[in-house]
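Every number in this text was worked out from the coordinates using simple rules, so none of it is lab data. None of these values were measured; they are calculated from a predicted model. Note that each Cβ is placed from the backbone with ideal geometry, even for glycine, and that neighbours are counted across all protein chains shown.
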Amino acid sequence: MKLFVVTGPSGAGKGTLIRGLIGRRDDLEVAISATTRPQRPGEEDGRDYYFLSEAEFLARIEAGDFLEHVVYVSGQRYGTLRSEVARIHAADKSVVLELETKGARAVRDAEPAAVTIFIAPPSFDELERRLRDRATESSGEIDERLELAREQMREVDDFDYVVLNDDVERAVTELDAIVTREAAGVGRLSAT
Ligand code: 5GP
């Protein structure tokens, strides 16, 4: 049982690739994060996120319930619940975390055996187009996410693997191969 961390800038397509990967494999499950950001149309509490109030989130930090937690754009909090990781491992499955880069680095430091995968968008223009097309945030918030994405792109070398999301099917196939390789204990391609 492994811990896979999928990271990269908002709009790189992490969620889409993870859904594709999970669709191909029954030995993986995504940990549901907690957040204080508002629920988007179509999202469900307990499926997409556990949507918490600021007070609830702070109480869970105090209780030591998070493996990592961060403050992201507009002061919104996101965090990985230890209980989610435990639930998935208890089902004999490997865990997939979808995290922005700060949380990904925190998990990498706390759990050195974690496998970290950076999803890169094909270009910055494409990333901007995806974020604006999604149109679920205000333009100010999108600008904030883009600014952060520029910084996050510079962190690409901090992670074990980089997968370019130029084509969803191709990128999912590459992710699938990484998981197979790591699950078999073969390790990094660079280490061979
Ligand atoms: P969104 O608001 O678009 O759902 O997520 C914003 C960013 O937060 C995305 O890059 C997403 O991967 C990241 N994220 C989601 N859950 C967590 C979490 O539990 N911890 C951290 N550090 N980042 C998260």
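Net charge near ASP158, counting Lys/Arg +1 and Asp/Glu -1 over other residues with Cβ under 10 Å of its Cβ?
On the way: positive: ARG105, ARG108, ARG154; negative: GLU155, ASP157, ASP160.
Summing Lys/Arg as +1 and Asp/Glu as -1 gives 0.
Suppose a student asked you for the relative contact order of region 3-183, using Cα pairs under 8 Å spaced at least 6 residues apart; what percent would you report? Write down the numbers at each step before the final one.
Numbers: 265 pairs, mean separation 62.0, N = 181.
About 34 percent, as a whole number.
Share of antiparallel DSSP beta bridges in region 3-183, in percent to the nearest 5?
On the way: 7 of 25 bridges.
Antiparallel bridges make up about 30 percent of those DSSP assigns within region 3-183.
Please report, in Å, the Rg and the Dmax of region 3-183, where both are computed over Cα atoms only.
Spelled out, the Cα radius of gyration and Dmax of region 3-183 are 15.6, 42 Å.
Kindly provide the helix-only [θ] at 222 nm of the chain, computed as the sum of -39,500 (n - 2.57) over DSSP H runs of four or more divided by all residues, to the nearest 500 deg cm²/dmol? Don't jump to the answer; show the numbers that get you there.
Values: 7 runs with 81 residues, N = 192.
Counting only the DSSP helices, I get -13000 deg cm²/dmol.
Please report, in cubic angstrom per residue, the volume enclosed by the convex hull of the alpha-carbon atoms of region 71-171.
On the way: hull volume 13.5 nm³, N = 101.
Output value, Cα hull per residue: 133 Å³.
Can you list the lysines whose alpha carbon is less than 17 Å from that of LYS93, not counting same-chain residues fewer than 8 positions off?
LYS2
When a/c reaches 1.5 or more, the comparison of a/b and b/c decides; with that in mind, is region 8-84 rounded, prolate or oblate per its Cα gyration tensor? Walk me through the numbers before you get to the answer.
Numbers: a/c = 1.90, a/b = 1.48, b/c = 1.28.
It comes out prolate by the Cα gyration axes.
Tell me the label-point distance for the pair ALA177, ASP157, using the 7 Å Cα-to-Cβ offset, in nm and rounded to one decimal.
My value for the distance between the label points is 2.5 nm.
If N is the number of residues in region 1-45, what value comes out of its Cα radius of gyration divided by 2.2 N^0.38 Å? It would help to have the intermediate numbers written out before the result.
Working: Rg = 12.2 Å, N = 45, 2.2 N^0.38 = 9.3 Å.
Taking the Cα Rg and dividing by 2.2 N^0.38 Å, one obtains 1.30.
For a label point 7 Å from the Cα of ALA90 along Cα→C-beta, name the residues of region 35-58 whose backbone N is under 14 Å from it.
Inside the label zone: nothing.
Out of every Cα-Cα pair in region 127-180, what percent are more than 19 Å apart?
Details: 673 of 1431 pairs.
Cα-Cα pairs in region 127-180 separated by more than 19 Å: 47 percent.
For the modelled label position 7 Å from the Cα of ARG40 along Cα-to-Cβ, which residues of region 13-31 have backbone nitrogen atoms closer than 20 Å?
13-23, 30-31
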